[in-house]
Amino acid sequence: MVKRYSFDPFINTGAVVREVPLSSSEPKPFSLSNGVFSLHMDEHMRIYGLGESIRGINKRGWIYESWCSDDPFHTEEKRSLYGAHNFLLFDGEERFGAFFDIPGRITFDLGYTDSDTVVITPERFALDLYIITGESLKAIVSEFRTLIGKSYLPPMWAMGYGQSRWGYVTEADIRRCADAYRDARIPLDMLYLDIDYMDSFKDFTVNSERFPDLGAFSAEMKERGIRLIPIIDAAVKKESGYDVYDEGHREGYFCKDEQGEDFVVGVWPGMSVLPDFLNPQASRWFGMKYKRLTDLGIEGFWNDMNEPALFYSEKGLNNAYKEIKELDSKRLDALSFFGVRDTLVRLQNAEDDYKSFYHETPEGRVRHYDVHNLYGYRMTESAYNALCELRGEPPLLFSRASYIGAHRCGGVWTGDNHSWWSHILQSLQQMPGLNMCGFLYSGSDIGGFNGNCTRDLLIRWMSFALFTPLMRNHAAFGTRSQEAFAFGDTEVFRHIIELRYRLIPYLYRSLKEAVERDEMYFRPLVFDYEDDEIAATVEDQLMVGDRLMIAPVYRQNAAARHIYLPEPMTQIRMHEGDISTEELNEGWHYVSVPLGDVVFYTKSPLELAKPARNVGELNFDDTETVGS
């Protein structure tokens, strides 16, 4: 059951698609005072949800902010990441879900200030609150997912393995990568184009020297079973003669400052402007620009920098210059030096900048700061609607920034992580929260985007990520190569990625069923075993689909780990490409997992396909049954 409480919302976020009658009483079980929601927690209450966020699966004990943030350092003290996903599931003496539908900042203090008290503070008290109840944790999630609408389902080929790197500068770089995968006999379905393919980082352009005929190159790759997936950034270069800028400026499709002029920011292309995705006309205009690339045979995209990320604004940069010029460099002591440094650091993603530009929406003119969390969502919606119209079918599409509602239009990846062992576990713990909020096609940058990956880290990360619907290896410019062929011994990576392809019939069916039934693809153990107190404490194992359980290794130099089975299961082990099974009783087990082995568990027999070079070559009728 769903109850809705409305507190003067000023804009329709588009998150909810099912009409819910307005409840007039105070929103139980919260107390409401001076625009703050509070709740006393019993000793055993656990809190799930909040989509893409840091720390454990149980969110109790920390403080979170819903604010789409361009921050590449995903450390435990952070309060927000790229997504704003305001759904929580409380599991205690009272059990219910709560969705705070608000487009701006809201803070969730979940026992941080006071260990037994939840305090939820919207910065602007203008929102809809939905309270969801049900007979089980899974039922509450399904009720919420029915409220917000069906999740995006990608084309089946998007379940294949993808390789990406900021630094594949030319067509020759991409071809060398494809050849290396072929020579190593490692399956591959997608190669990603980062900002290097563009002309001066301008959206919907192609650098003709680096990629002289992208259409022909796309066709060549597709003949080899590989699709090219380019990036699209949110900002448009401010450059007279660049037709995308000229059209958008002429039609008034960019966000405006208080005086009604285009708000100018600095991003990858330099001085740029921001498409007004909350303006329906501007949104459709930008979306139809993807046609320039679909006409070249492109079938999928990833949207980036859409929090929106701002390196600086023209206004902020001018103010910073004034501050620095006031300092006498000859007498610059340590504190003054740090002051100069901080002046420049504060330019990036400055709140004053977010407060300085505006959108034209169906509800009227609104300040960006008050609807900040909708920007990435509306960019994804813009692309999805146009691409479905242009292609007649859903594309591959995923985004960095998002709000609930974007789950209907595309997937997400969890942004600019690091080559840290802790980020394997972080990725695992993010997946259930994202699933609760409808984002099923999700995954992390395998091996870490920032930093230098090691062979053992990549092996362990892939051994987990082979179960995520979005399986992409991605790294930053200037970092060590971390492709599956980059560490010399390619056999271990070939076996892991081949196992992913052998599992695709099960994984894609599970994803499709989760979409159709408004269910979760990834679940914490307690969602399936609610009466098992041990299952409720397990934070590093997940259920996948209706029968699999995974328990990946995520610690350096570990060759074994403890796992908990809530019921008897069959252990499936992949060792050097060979599959073996062992029956295990319920309870705790200490399981050997040598580097390169993949070990997971099934409740019933599992069908594995034969290995294939790409999804198009999979034979779903020629399978092998494993497990009793």
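The values are calculated or read from the model by the stated rules, or taken from the named source; none is laboratory data. Since the structure is predicted, the reported quantities are computational estimates derived from the model, not experimental observations. Note that we place each Cβ from the backbone using ideal geometry, even for glycine, and neighbour counts take in every protein chain shown. Accessible surface is based on the protein model in full, side chains and every heavy atom, while ligands, DNA and RNA are left aside. Shrake-Rupley method; radii C 1.70, N 1.55, O 1.52, S 1.80 Å.
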Expressed as a whole-number percentage, the relative contact order of the range 512-573 with C-alpha contacts under 8 angstrom and at least six residues apart is 25
Can you tell me, using C-alpha contacts under 8 Å and at least 6 residues apart, the relative contact order of the range 475-536 as a whole percent? 13
Does the range 539-615 classify as rounded, prolate or oblate by the C-alpha gyration tensor (a ≥ b ≥ c root eigenvalues; a/c under 1.5 gives rounded; else a/b over b/c gives prolate, otherwise oblate)? oblate
Spacing of the two label points (7 Å from each Cα toward its C-beta) at Lys78 and Asn319, in nm: 2.5
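Using a 1.4 angstrom probe with every protein chain in place, what is the largest-first accessible-area order of Thr205, Thr623? List each step's numbers first, then the result.
Numbers: Thr205 25, Thr623 55 Å².
Greatest to least solvent exposure: Thr623, Thr205.
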The range 1-84 - percent of accessible surface contributed by carbon and sulfur, probe 1.4 Å: 48
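Are there chymotrypsin sites (Phe, Trp or Tyr not before Pro) in the range 502-575 that DSSP puts in a loop and that have at most 10 other Cβ atoms within 10 Å, and which ones?
When the chymotrypsin sites (Phe, Trp or Tyr not before Pro) of the range 502-575 are filtered for loop state and at most 10 Cβ neighbours within 10 Å, nothing remains.
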For the pair Glu582 and Leu22, the simple spin-label estimate (label points 7 Å beyond Cα toward Cβ) gives in nm 6.2
The range 558-605 and the range 418-435 have their Cα centres apart by a whole-number Å value of 21
Viscosity 1.567 mPa s, temperature 4 °C: what is the translational diffusion coefficient of the chain from Stokes-Einstein with a Kirkwood Rh over Cα pairs, rounded to a whole number of µm²/s? 51
Surface accessible to a 1.4 Å probe, Glu607 within the full protein complex, Å²: 80
Can you give the % of DSSP beta bridges in the chain that are antiparallel, to the nearest 5? 75
What are the ³J(HN,Hα) couplings of the range 476-486, residue after residue, when phi is run through the Karplus curve with 6.51, -1.76, 1.60 and θ = phi - 60°? Round to Hz, x for glycine and proline. 8, 4, x, 8, 5, 4, 9, 5, 5, 9, 7
In Å, what is the Rg of the alpha-carbon atoms in the range 500-628, and how long is Dmax? 15.0, 44
Rounded to whole Å, √(5λ) for the Cα gyration tensor eigenvalues of the range 110-223, largest first, gives 46, 21, 16
Amide N proximity, the range 462-480 versus Asn452 label position 7 Å along Cα-to-Cβ, cut-off under 11 Å: 479-480
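Please tell me the relative contact order of the chain in percent, rounded to the nearest whole number, where contacts are Cα pairs under 8 Å and at least six residues apart.
Reported as a whole number, the value is 15 percent.
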Return the Rg/Rh ratio of the range 63-137 with Cα-based radii and a Kirkwood Rh. 0.98
Can you give me the % of accessible surface on the range 499-603 that is carbon or sulfur? Probe 1.4 Å, all protein chains present, nothing else counted. 43
Calculate one ³J(HN,Hα) per residue across the range 518-526 by plugging θ = phi - 60° into the Karplus curve 6.51 cos²θ - 1.76 cosθ + 1.60, and present them in order as whole Hz with x for glycine and proline. 6, 10, 9, 7, 9, 9, x, 4, 5
Tyr358, Tyr130, reordered so the largest accessible area comes first (probe 1.4 Å): Tyr358, Tyr130
From the helices alone, meaning DSSP H stretches of at least four residues, give me the mean residue ellipticity at 222 nm for the chain, per-run term -39500 (n - 2.57), in deg cm²/dmol to the nearest 500. -7500 deg cm²/dmol
Sorted by packing (mean other beta-carbon atoms within 10 Å per residue), highest first, where do 456-462, 196-202 land? 456-462, 196-202
Expressed in nm to one decimal, what extension gain is obtained for the pair Ser38 and Arg367 from 0.36 nm per residue of sequence separation less their Cα-Cα distance? 115.6 nm
For the chain, what is the accessible area per residue in Å², given a 1.4 Å probe and the full set of protein chains? 37
Area of Glu52 that stays accessible when all protein chains are in place (1.4 Å probe, Å², to 10): 10
I need two numbers for the range 12-150: Rg to one decimal and Dmax as a whole number, Cα atoms only, in Å. 14.4, 43
Estimated FRET transfer efficiency (Gln259, Thr170; beta-carbon r; R0 35 Å; 0.05): 0.25
For the range 147-164, take each phi angle, set θ = phi - 60°, evaluate the Karplus expression 6.51 cos²θ - 1.76 cosθ + 1.60, and give the result in whole Hz per residue in order, putting x for glycine and proline. 5, 9, x, 4, 6, 5, 10, x, x, 4, 4, 6, 7, x, 7, x, 10, 9
What residues have an amide H closer than 5 Å to that of Tyr64, excluding those fewer than 5 places away on the same chain, when H is modeled at 1.01 Å from N in the peptide plane? Phe108, Asp109, Leu110
